[in-house]
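What follows is a single structure, written as structure tokens, with notes after it.
The values are calculated or read from the model by the stated rules, or taken from the named source; none is laboratory data. The shown structure was predicted, so the numbers you read here are calculated from the model rather than taken from an experiment. Please note: Cβ atoms are built from the backbone with ideal geometry, for glycine as well, and neighbour counts cover all protein chains shown.
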Amino acid sequence: MKIKFAGAAREVTGSCFIIETDKARFAVDCGMHQGGDEMEKRNWDIAAYDPANIDFFLITHAHIDHSGLLPRMVQNGFHGTVYATEPTGDLIKILLLDSAHIQETDATSKMRRMQRYGKSEKIIPLYTTKDAEAVCPLIKTKRYNEVFTPGNGIKANFQDAGHILGAAILELFIEENGSSTKLVFSGDIGRRHQLLMEDPATIRDADYLFMESTYGDRDHKGEEDSLNEMAEAIQYSYSRGEKIIIPAFAVERTQEMLYSLYLLNIKGKLPKDMPVFLDSPLAIKATEIFRRHHSYLDTDTQKILKKGEDPLDLPQLKFSSSTEQSMRINEMEGSAIVISASGMCNAGRIKHHLRHNLWRSGASIVFVGFQAQGTPGRKIVEGAKKVRIFNEDIAVNARIWTIGGFSAHAGQSQLMDWLGNFQNKKMPVFLVHGEAVAQDVLASLIKQKLGFDVTIPEYLEEIKIKAGAQPEELKQPQAAPQPVDLAPLLADLKAKIDDINNQMGKIQSLPESRQVEFLDLLKQANLSIDEIKIRDLAARK
């Protein structure tokens with residue numbers, strides 16, 4: 001069989017693995033590429049997918065980086081079945097509709113902006129609400145440990161990944177040319193002992209393993225330390241009368257934040273007069289899905305529910321469903337906790353809350369999830385002094401907290417422990433869903449401690465596999481980009497700066513308003529150059 005790595009190769013987004021046997025062509029996951037213009041261009045290039053000739057999709061979980069391109073597939077000819085667990089099926093529906101709304105809104109905003117500059121080019125969204133709605137009838141759900149046959153010669157089984165509600169490790173049993181091969185796709189492996197979720201299921205045998213590596217280079221803080229740090233962030237801004245802004249993914253991270261605040265409230269570490277706003281219509285819907293599928297939650301959570309308590313509720317919790325309610329949060333005086341999406345600060349209402357609070361020295365911005373390269377969240381975490389939001393450069397004066405212990409991903413030690421359960425030491429391991437530094441560290445550790453053969457595939461690399469044989473590379477990944485020749489551009493920039501210096505007399509004779517306009521434009525150019533320096537420093541760490 002052949003496998004093409006159409007995403008999550010040397011990156012943490014865009015998960016998609018296209019598999020071709022002698023009887024079927026299908027894919028595991030169908031994620032959106034996120035994190036900067038260059039990365040997101042991949043969402044438009046669907047030639048590698050050939051959607052009309054994909055028989056079915058097996059979706060490990062609902063996060064957009066694993067499901068977000070399904071409407072794009074339907075838009076371009078896919079009409080097969082989308083298999084997922086029961087909670088994943090429900091979550092996919094609301095997440096894709098929300099994503100489509102964002103695509104349409106962004107396209108409209110870009111078109112209006114171009115029109116203000118006198119351009120009439122039409123901007124088309126990546127996909128529409130109609131495309132997202134067309135995915136829903138194709139979804140067929142399964143329970144954990146319910147072996148099913150999605151295609152001729154293929155059996156599949158979802159096991160609990162412990163990542164988010166309904167997240168699955170996928171076991172694939174493929175009969176081909178008279179022989180049987182077992183593939184395991186880890187999906188995103190959850191952190192042990194996290195709130196709401198059971199620990200990841202133990203898998204002991206496979207012929208080939210495709211394993212995530214998001215945090216392959218580090219471990220997380222302990223759960224108690226993370227709760228204490230959250231309490232510290234709350235007290236820091238509460239004592240200063242400012243807000244605590246928590247960018248959180250609508251699915252799982254938001255619910256874990258509510259659960260954490262529930263625990264802090266029990267311990268007396270959450271001020272009684274501090275309102276908590278859940279400002280995300282999507283997160284509000286997702287929370288209801290968590291309640292509906294309570295049988296998928298862990299034993300501790302079910303015990304709390306049986307006592308008549310709700311760990312996803314608080315006396316001071318307020319829901320903001322409408323735009324007007326969201327706007328009023330930033331108009332109110334005093335301290336409050338605001339949980340809002342998106343988790344990487346690249347879309348949604350969180351951008352408005354950052355615009356109103358990022359520059360306030362007493363405010364807190366609390367990051368509780370992974371921030372992909374190129375996203376505003378990543379820039380803030382890496383120490384940017386200013387961040388551009390809604391075409392405005394906002395100073396970063398708030399206190400920035402990064403609490404890794406809330407991650408829904410296993411850290412390095414837990415990844416190693418999970419992998420150590422596999423008994424077939426000749427099993428090739430493919431590290432996916434991770435950035436280069438994390439993958440290189442984890443690969444070295446796996447070889448040294450566990451003795452598995454490790455491969456780190458590249459984007460659009462294609463391999464051929466057969467049980468008992470080493471993988472054969474069929475198609476080289478896309479050629480690495482050649483070093484960019486910056487000299488002509490730098491010379492052009494220097495010539496323009498020299499020209500501005502030579503024109504200073506004329507500029508200073510202009511009306512003050514026009515001079516201020518020149519000053520603002522030059523400040524923006526200067527900030528862009530500063531950002532290049534910040535990214536370069538981050539890359540060297």
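Worth a mention:
- The residue pairs whose first member lies in the stretch 223-249 and is in contact (Cβ under 8 Å) with a residue 40 or more places away in the chain and farther than 22 Å from His409 by Cα, whose second member is among the polar types (S, T, N, Q) and surrounded by fewer than 20 Cβ atoms within 10 Å (Cβ to Cβ), and whose beta carbons are closer than 9 Å, counting only pairs six or more residues apart or on different chains, are Arg240/Ser361; Glu242/Ser361; Lys243/Asn330.
- Across the stretch 189-200, not a single residue is classified as closer than 19 Å to Ala27 by Cβ and either assigned by TED's automatic domain parsing to the domain that holds Ile18 or surrounded by 19 or more Cβ atoms within 10 Å (Cβ to Cβ) (or both).
- Per-region count, the stretch 20-59, residues among the charged types (D, E, K, R), in a loop (DSSP other than H, G, I, E, B) and surrounded by fewer than 21 Cβ atoms within 10 Å (Cβ to Cβ): 5
- Listed by position, the helices (runs of 4 or more DSSP H) inside the stretch 320-423 whose residues that are within 30 Å of Lys449 (Cβ to Cβ) number at least 1 are 376-381, 412-419.
- Applying the criterion of being under 18 Å from Arg388 (Cβ atoms) and within 15 Å of the chain's Cα centre (by Cα) to the residues of the stretch 333-349, the residue that is surrounded by the most Cβ atoms within 10 Å (Cβ to Cβ) is Cys345.
- In the stretch 64-107, the residues that are of a type in the set (Ser, Thr, Tyr) and within 23 Å of Asp45 (Cβ to Cβ): Ser67, Ser99, Thr105
- Residues of the stretch 352-383 classified as crowded, with 20+ Cβ neighbours inside 10 Å and either under 24 Å from Arg240 (Cα atoms) or out of contact with any Gly (no Cβ under 6 Å at 6 or more places or on another chain) (or both), total: 16
- Remark: pairs (first residue in the stretch 486-510, under 16 Å from Leu522 (Cα atoms); second residue assigned to a helix (DSSP H, G or I) and basic (Lys, Arg); Cβ separation under 9 Å; 6+ apart in sequence or on different chains) = Ile507/Arg514.
- Candidates Gly153, Gly118, Gly89 - the one that is on the phi > 0 side of the Ramachandran plot and touching a residue at least 40 places away in the same chain (Cβ under 8 Å): Gly153
- Of the listed requirements (1) under 24 Å from Thr323 (Cβ atoms); (2) part of a loop (DSSP other than H, G, I, E, B), Pro271 misses just one: (1).
- Checked against (1) surrounded by 16 or more Cβ atoms within 10 Å (Cβ to Cβ); (2) polar (S, T, N, Q); (3) within 27 Å of Thr88 (Cα to Cα), Asn265 passes all but condition (3).
- Residues in the stretch 274-311 that are more than 21 Å from Asn228 (Cα to Cα), part of a helix (DSSP H, G or I) and in contact with a Pro (Cβ under 7 Å, 6 or more places away or on another chain): Ile289, Tyr296, Ile304.
- Verdict on Arg113 being in contact with a Gly (Cβ under 9 Å, 6 or more places away or on another chain) and either basic (Lys, Arg) or surrounded by fewer than 23 Cβ atoms within 10 Å (Cβ to Cβ) (or both): no
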